[in-house]
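Participant: Got a structure for you, written out below as structure tokens; questions coming shortly.
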Amino acid sequence: MGKKIFSGVQPTGNLHLGNYLGAIKNFVDLNNDPDNDCIFCVVDLHAITVKQDPKELKNNIRETVATFIASGIDPKKSIIFNQSGVAAHSEGAWILSCVARMGWLNRMTQFKEKAGKDKEKASVGLYSYPVLMAADILLYDATHVPVGDDQKQHLELCRDIAQKFNNDFDQDNFLQVPEPLIQKEFSRIMSLKDGSKKMSKSELSDLSRINLTDDRDAIENKIKKAKTDPLPMPSSVEELNERLEARNLLGIYSSLNNSTLQSTVDNFSGKNFSEFKNQLSDLLVKKIEPISLEIKKLLNDRPYLDKILLEGVEKANSIASKKIDRIKEILGF
């Protein structure tokens, strides 16, 4: 039996290699499996938990759709839509926030990290964000959700909310309790300037990341300048625990090449870093440059991107609105 898969990406603009290897490359594989029903959501409601420039947000929504398609997600096989286009997400989030418990949300570590020291100034939306994420998933009876380390806790909360709703209203499996899909052999992608920090668009230096819109020259320049250490290429995976930048670059190579970290270390053991960097650059250009060119082409065709979103919203709405109507019946509305 096939999987029903739901996943979302925030439209923050400037998607980078970390987003691609951490999520989008996996989405493409899931989309290509004929047994799967996939829904990929541009989570624009999540994006406004921090203040956004309205014009930029509109452009970033389109850019995220362009990135999905350029990377190989077929809008004929999968539903691609933006969250704010389907009212059931907001309605579902309110209803489920009355099922979720404060104690559950207080345990969410991501809020503590994002809100920082002055959490009194954080938006209520940033705090209750995981409840909206639960609504996103549960409205589509998703059986599986691809998650990274930073979202595992949110999926656990989603499962708790589903089980509590089913128990409270004596509904046997009415809200499907989803399973996590964890990528095997995936290295978390870190900054090219600091192997202890996650690759991020918010880091000031553009040299810290490979953007999915970078051309060949930019990719080659960034890898040439990527931080390494003075030691020769490692001969064992254990060595990498102390060598964060080397671990990151070897992890990127392994993820792009669909190989294990062990086999990549074995392959380059004894060679010098410049030779490895040349091969890494070639691999990145081969994989990323076609995506970059296609993103730029698609961004010049706004009517096409808007049509994809409109069709996706209609398909998503036809599923989610039925679920929310049934939820309202169960509640007694």
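Participant: Specify the angular offset, from 0 to 90 degrees and rounded to the nearest 10, of the alpha carbon long axis of helix 244-257 from the longest principal axis of the alpha carbons in the chain.
Facilitator: 70
Participant: Per residue of the stretch 178-184, in order, report the coupling 6.51 cos²θ - 1.76 cosθ + 1.60 (Karplus, θ = phi - 60°) as ³J(HN,Hα) in whole Hz, putting x for Gly and Pro.
Facilitator: x, 9, x, 10, 9, 5, 8
Participant: For n ≥ 4 DSSP H runs only, could you compute -39500 (n - 2.57) per run for the chain, divide by its residues and tell me the 222 nm figure to the nearest 500? Please list the in-between numbers first.
Facilitator: Numbers: 13 runs with 173 residues, N = 333.
Helix-only estimate at 222 nm: -16500 deg cm²/dmol.
Participant: If you don't mind, there's one more thing I want to ask. Roughly how compact is the stretch 206-297, stated as its Cα Rg over 2.2 N^0.38 Å to two decimals?
Facilitator: 1.09
Participant: Hey, can you grab everything whose amide H is under 5 Å from the amide H of Glu179? Only 5+ residues off in sequence or another chain; H modelled, so Pro and N-termini drop out.
Facilitator: Sorted by chain and number, the residues that satisfy this are His144, Val145.
Participant: In addition: For Arg188, Arg209, which order do you get if you count the other beta carbons within 10 Å of each Cβ and list the fewest first?
Facilitator: Values: Arg188 16, Arg209 26.
Going from sparsest to densest Cβ surroundings: Arg188, Arg209.
Participant: A follow-up question, please. Of Leu293, Phe276, Met233, whose Cα points farthest to the positive end of the dipole of the stretch 206-297 (charges on the beta-carbon: +1 Lys, Arg; -1 Asp, Glu; origin at the Cα centre)?
Facilitator: Farthest towards the positive pole: Leu293.
Participant: Give the Debye-formula value of log10 I(q)/I(0) at each listed q (0.29 Å⁻¹), with one equal scatterer per alpha carbon of the stretch 284-333, two decimals each.
Facilitator: -0.96
Participant: For the stretch 25-39, what does the Karplus curve 6.51 cos²θ - 1.76 cosθ + 1.60, with θ = phi - 60°, yield as ³J(HN,Hα) per residue in whole Hz, taken in order and with x for Gly and Pro?
Facilitator: Rounded to whole hertz, the list is 4, 5, 4, 4, 4, 5, 5, 7, 7, x, 7, 8, 9, 10, 10.
Participant: Could I ask something else about it? Mind ordering 55-62, 135-142 by average Cβ neighbours within 10 Å, highest first?
Facilitator: Working: 55-62: 16.4, 135-142: 24.2.
For the peptides 55-62, 135-142, the packing ranking is 135-142, 55-62.
Participant: Just one of (i) 29.8, 93; (ii) 18.0, 54; (iii) 20.9, 69 is Rg and Dmax of the Cα atoms in Å calculated from these coordinates, so which is it?
Facilitator: The value matching this structure is (iii).
Participant: Something else now. Give the relative contact order (percent, whole number) for the chain; include only Cα pairs under 8 Å separated by 6+ residues.
Facilitator: Working: 487 pairs, mean separation 74.2, N = 333.
Computed over the chain, the figure is 22 percent.
Participant: Under the rule of at least 5 residues apart or a separate chain, name every residue whose amide H is placed under 5 Å from the amide H of Asn82.
Facilitator: Long-range HN contacts for Asn82: Val42, Val313.
Participant: Relative contact order of the stretch 206-297, please, whole-number percent, based on alpha carbon pairs below 8 angstrom and at least 6 residues apart. It would help to have the intermediate numbers written out before the result.
Facilitator: Details: 88 pairs, mean separation 38.8, N = 92.
42 percent.
Participant: If you place +1 on the Cβ of every Lys and Arg and -1 on the Cβ of every Asp and Glu, how big does the dipole about the Cα centre of the stretch 42-83 come out, in debye to the nearest 20? Write down the numbers at each step before the final one.
Facilitator: On the way: 6 positive and 5 negative charges, 21 e Å.
Dipole of the stretch 42-83, to the nearest 20 debye: 100 debye.
Participant: If the only charges are +1 at each Lys and Arg Cβ and -1 at each Asp and Glu Cβ, what is the size of the charge dipole of the stretch 206-297 around the Cα centre, to the nearest 20 debye? Please report the intermediate quantities before stating the final value.
Facilitator: Working: 14 positive and 15 negative charges, 50 e Å.
With only Lys, Arg, Asp and Glu charged at Cβ, the dipole is about 240 debye.
Participant: Cα-based count: Lys pairs in the stretch 206-297 below 21 Å, eight or more positions apart or different chains?
Facilitator: 21
Where a number appears in this text, it was derived from the coordinates with a stated rule and is not lab data. What you are looking at is a predicted structure, and each value in this text was computed from that prediction instead of being measured. As a convention, Cβ positions derive from the backbone with ideal geometry for all residues, glycine included, and neighbour counts pool all protein chains shown.
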